[in-house]
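K.L.:
Just dropping this structure here.
Bear in mind that the values in this text are calculations on the coordinates, not laboratory data. Keep in mind it's a predicted model, so treat the numbers as computed, not measured. With ideal geometry, Cβ positions are generated from the backbone for all residues, glycine too; neighbour counts draw on all protein chains shown.
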Amino acid sequence: MTFTLAFRNLFYDRIRLVVTLVGILFSIVLVAVQLGLYLGARTMIISMIEQADGDLWVMAYGTKNFEEAQPIPAREKFAALSTPGVAKAIPLITSFTDWRKPTGGSTLVVVIGAEAEDNGLRPWNVIEGDVSGLGARDAVMIDKTYLAELGVNGVGDTAQVGASRVRITGLTEGIRSFTVTPYIFTTLSRARSLLDMPVDKITYVLAKLEPGADIEVVRRQISQKVPDSEVLTRDEFRQRSLDHWLFATGAGVALIGGAILGLVVGTVIVAQTLYSSTKDHLNEFATLRALGSSSGYIHKVILTQAGLAAVLGYMLGMTIALTIVYLSEHTALPIVMTPALAALLLALTVAMCAISALSAIGKVMRIDPAMVFNR
Amino acid sequence: MTMPAQAMTMPATQTSNVVLEARDIVKELGHGAGKVRALKGVSLSLNAGELTLLMGPSGSGKTTLLSILGCILTPTQGSLFVAGQPTAGLNPEQLAVLRRKHVGFIFQSYNLFPTLTAEENVRVALDVRHQRGSEAIVRAQRALQQVGLRHKLKSYPANMSGGEQQRVAVARALVGAPAVMLADEPTAALDSENGLAVMQLLSEIARDKSRAVLAVTHDPRTVPFANRVLRIEDGLIVGEERRTEGVETVHELARNRKRKANA
């Protein structure tokens, strides 16, 4: 009967139900979008580090993230390669430069240069063309998300980077940058040429370790050989990039802050409507008390009412959130929804409604059962 | 409220059919300068198999006394025994348990749940007693049948007359088989015909030798249904009248009415 009472109480006043559901829905959508953007940003920030086939990264001291790296001597590659436990040392070039659109104007891009045969960092999610095609003259690959931004229509189109001409030979899908700066994949030598980087410079050395090698020992040994550079594990570099973009710049704080704000606003709206619903049904709760119900029984009715509102609000909120996720899929700032995030949102919604129910429970606990005689 | 040990049990002089006894009940309401002594030392007992009326003018303390007898309010002084159990020192949860086990309420405004059907309203009283499932449904239906509402099981209060709603409230009070049924102005919101029908029902319920019924009222039409009438004024019981003859007459009248209806 507690479920029946809670269900009927909830649906008795349709307008209040709508207000409650809108409160929950608003909260869920806001939190889903904020946390989805946070997850999307996180994925974009670490995607290159995750895809690169390197256990250790050799880079210029103080490098804060993948895109903003300073050049290091190319000989660092040999220093890494000569260290016991290192199976492969792959040079990598990455830097910002200008892309001149064929239609006029220019935009900032990040050129990533690596030899395809090294398997250090190859374009992935290729939907048109082939990575082996990067060996062709002027060849570059871009993500289809940025076609409009780069002023091109697809494979075969040309543009200018620095003083050189580039030709699009392949397209990827879903390789997006947190800085909204398009990535341009090409070979190591062509990247050096496009970026006007001296032949004795590179940006990173990716060290792939032999099976069983102790990563800390190898890192220490490489560090001793490259005193002017820094050696980070993949996890450290990933964390440093996240710390920089999400926390040092305040972007992540803003997203998480937005999510918290959504929760607070949602909790206040749900608490207010539940409280006023309970107030309207106060005489019924007093009657229950007069009939001899325990306070636990009444708590159960109120909490069930809050739980029902949570589940309904969650279903509606998730429907809208998933629509937004779908619509953002092909934009430069995609919102990510994972099963874990969906579960977290459900838990947050239930918690939010349970907290909201506390004010209603407090009100019921203060009622005088004798009020049943005064109506 | 503390009580001497010997006062914590039912007095030995009492007859076995006493199901509720109140002794020297004092109730003060309000605080400070606004404090009012609503009951000034009320003693009474309710016997199983009797319908007792508590009559008195407004402000005489009827409802306060009813609240105390129903373990909703606690007395400032005095002692109360319900079904042989002392209520002194019990916390609100323990008092709720006592109500659940031994007390049934009928309210002036029925206090039905507007979102529940008649059957569900009755089942709530079983649900708070942890009695659920098909047995609870059968008991609720039987209680409604007892008050003549077998045909209204699925009706909502809004679709029922005042008399029908009060009969649902009677069924709700009855379904838990309480030792004491307390009714607060059960006919006040009803027209004459429905009021008499409800009183008839209460007097029939009171004939159960395991149950006492107390109705607070100021409706003189209810007097013929009572075995006993208590009069309260200014927080004190000022009179008691036994009415055996009158009750017999009422039951006779009811039997005659049924006979006529059947013929």
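K.L.:
Add +1 for every Lys or Arg and -1 for every Asp or Glu among the other residues with Cβ under 9 Å from the Cβ of residue B:122, and state the total.
P.N.:
+1
K.L.:
Return the inverse of the average 1/r over all pairs of distinct C-alpha atoms in the stretch B:13-90, which is the Kirkwood hydrodynamic radius, in Å to one decimal.
P.N.:
13.2
K.L.:
Still on this structure, I have one more. Relative contact order for chain A: what percent, with Cα pairs under 8 Å and sequence separation of 6 or more?
P.N.:
Once normalised by length, the contact order is 29 percent.
K.L.:
Report, to the nearest 10°, how far helix A:14-51 tilts away from the longest principal axis of the Cα atoms in chain A, using its own Cα long axis and a range of 0 to 90°.
P.N.:
20
K.L.:
Seen from all sides and averaged, what is the projected area of the convex hull of the Cα atoms in the stretch A:1-152, in nm²?
P.N.:
17.5
K.L.:
Moving on. Which Rg and Dmax, in Å, describe the Cα atoms of chain A?
P.N.:
28.7, 94
K.L.:
If you don't mind, there's one more thing I want to ask. Taking a ≥ b ≥ c as the square roots of the eigenvalues of the Cα gyration tensor of the stretch B:143-195, is the shape rounded (a/c under 1.5), prolate (a/b larger than b/c) or oblate?
P.N.:
Judged from the Cα gyration tensor, the stretch B:143-195 comes out oblate (a/c at least 1.5, b/c at or above a/b).
K.L.:
Of all DSSP beta bridges in chain B, what percent run antiparallel (nearest 5)?
P.N.:
55
K.L.:
Right, something else. Helix B:134-146: angle to the longest alpha-carbon principal axis of chain B, degrees 0 to 90, nearest 10?
P.N.:
That helix lies at roughly 80 degrees to the long axis.
K.L.:
Using the Cα atoms of chain B to build a convex hull, what is its mean projected area in square nanometres?
P.N.:
That works out to 15.3 nm².
K.L.:
Here's another thing I want to ask about it. Any chance you could list the semi-axes, whole Å, largest first, of the equivalent ellipsoid that the Cα gyration tensor gives for the stretch A:227-329, using √(5λ)? Could the numbers behind the result be given before it?
P.N.:
Details: eigenvalues 455, 59, 33 Å².
Ellipsoid semi-axes (Å, largest first): 48, 17, 13.
K.L.:
When a footprinting reagent is the concern and you count Cβ atoms within 10 Å, what order do A:349, A:278, B:117 take, fewest first?
P.N.:
The order, fewest Cβ neighbours first, is B:117, A:278, A:349.
K.L.:
May I pose another question? Less than 16 Å apart at the alpha-carbon level, and either on another chain or at least 8 residues along: which lysines does that give for residue A:77?
P.N.:
Candidates past the 8-residue exclusion: A:88, A:201, A:208, A:225.
K.L.:
At 0.890 mPa s and 25 °C, plugging the Kirkwood radius over alpha-carbon pairs of the protein assembly as shown into Stokes-Einstein gives what diffusion coefficient in µm²/s? It would help to have the intermediate numbers written out before the result.
P.N.:
On the way: Rh = 31.1 Å.
Result for D is 79 µm²/s.
K.L.:
Work out the charge dipole of the stretch A:255-375 with +1 on the Cβ of Lys and Arg and -1 on the Cβ of Asp and Glu about the Cα centre, then indicate which of A:298, A:349, A:260 is farthest towards its positive end.
P.N.:
Positive-most Cα among the choices belongs to A:298.
K.L.:
Rank the residues A:143, B:208, A:98 as a footprinting-exposure proxy: fewest other Cβ atoms within 10 Å of their Cβ go first.
P.N.:
Neighbour counts put them in this order, fewest first: A:98, B:208, A:143.
K.L.:
So how do A:328, A:106, B:60 line up by other beta-carbon neighbours within 10 Å, fewest first?
P.N.:
So the ranking, lowest neighbour count to highest, is A:106, A:328, B:60.
K.L.:
Lysines near residue B:27 by alpha-carbon distance under 29 Å, same-chain residues fewer than 8 away left out - which ones?
P.N.:
The qualifying lysines are A:279, A:363, B:35, B:40, B:62, B:101.
K.L.:
Grab the other residues whose beta carbon is less than 15 angstrom from that of residue A:206, score K and R as +1, D and E as -1, and report the net. Each step should come with its number before you reach the end.
P.N.:
Details: positive: A:77, A:88, A:122, A:208, A:219, A:234, A:238; negative: A:50, A:53, A:55, A:76, A:115, A:117, A:118, A:210, A:230, A:235, A:236.
Around residue A:206, the charge tally is -4.
K.L.:
Right, another one. Averaged over peptide B:104-117, how many Cβ atoms belonging to another chain are found within 10 Å of each residue's Cβ?
P.N.:
That works out to 5 on average.
K.L.:
Among A:151, A:174, A:105, whose mean-square fluctuation peaks in a Gaussian network model of chain A (Cα, cutoff 10 Å)?
P.N.:
It is A:105.
K.L.:
Follow-up. Considering every pair of different Cα atoms, what Kirkwood radius, in Å, is found for the stretch A:79-167?
P.N.:
Details: mean 1/r = 0.0684 Å⁻¹.
Radius from the Kirkwood sum: 14.6 Å.
K.L.:
Would you calculate a helix-derived [θ] at 222 nm for chain B, using -39,500 (n - 2.57) for each DSSP H run of n ≥ 4 and dividing by the full residue count, to the nearest 500?
P.N.:
After summing the helix terms and dividing by the residues of chain B, the value is -11000 deg cm²/dmol.
K.L.:
Then there's this: Roughly what angle does helix B:244-262 make with the longest principal axis of chain B, taking Cα atoms, 0 to 90 degrees, to the nearest 10?
P.N.:
Around 10 degrees separate the two axes.
K.L.:
A further question on this structure: Among DSSP bridges having both ends in chain A, what percentage is antiparallel? Round to the nearest 5.
P.N.:
80
K.L.:
How large is the Kirkwood hydrodynamic radius of the stretch B:80-169, in angstrom, based on all distinct alpha carbon pairs? Don't skip to the answer; put the middle values down first.
P.N.:
On the way: mean 1/r = 0.0704 Å⁻¹.
It works out to 14.2 Å.
K.L.:
Give me the Debye-computed log₁₀ of I(q)/I(0) at q = 0.27 Å⁻¹ for the stretch B:38-80, equal point scatterers on Cα only, no solvent, two decimals.
P.N.:
For the requested q values the scattering log ratios are -1.16.
K.L.:
Here's something else I'd like to know. What value in Å³ per residue do you get for the convex hull of the alpha-carbon atoms in the stretch A:319-375?
P.N.:
Considering the Cα atoms of the stretch A:319-375, their hull volume per residue is 119 Å³.
K.L.:
Please provide three numbers in whole Å: the alpha-carbon extents of the stretch A:251-301 along the principal axes, with the largest listed first.
P.N.:
Extents along the principal axes: 56, 20, 8 Å.
K.L.:
Ok, one more. Give me D for the stretch A:148-190 in µm² s⁻¹, whole number, from Stokes-Einstein with Rh from the Kirkwood sum over alpha-carbon pairs, 37 °C and 0.692 mPa s.
P.N.:
Working: Rh = 11.7 Å.
Approximately 281 µm²/s, per Stokes-Einstein.
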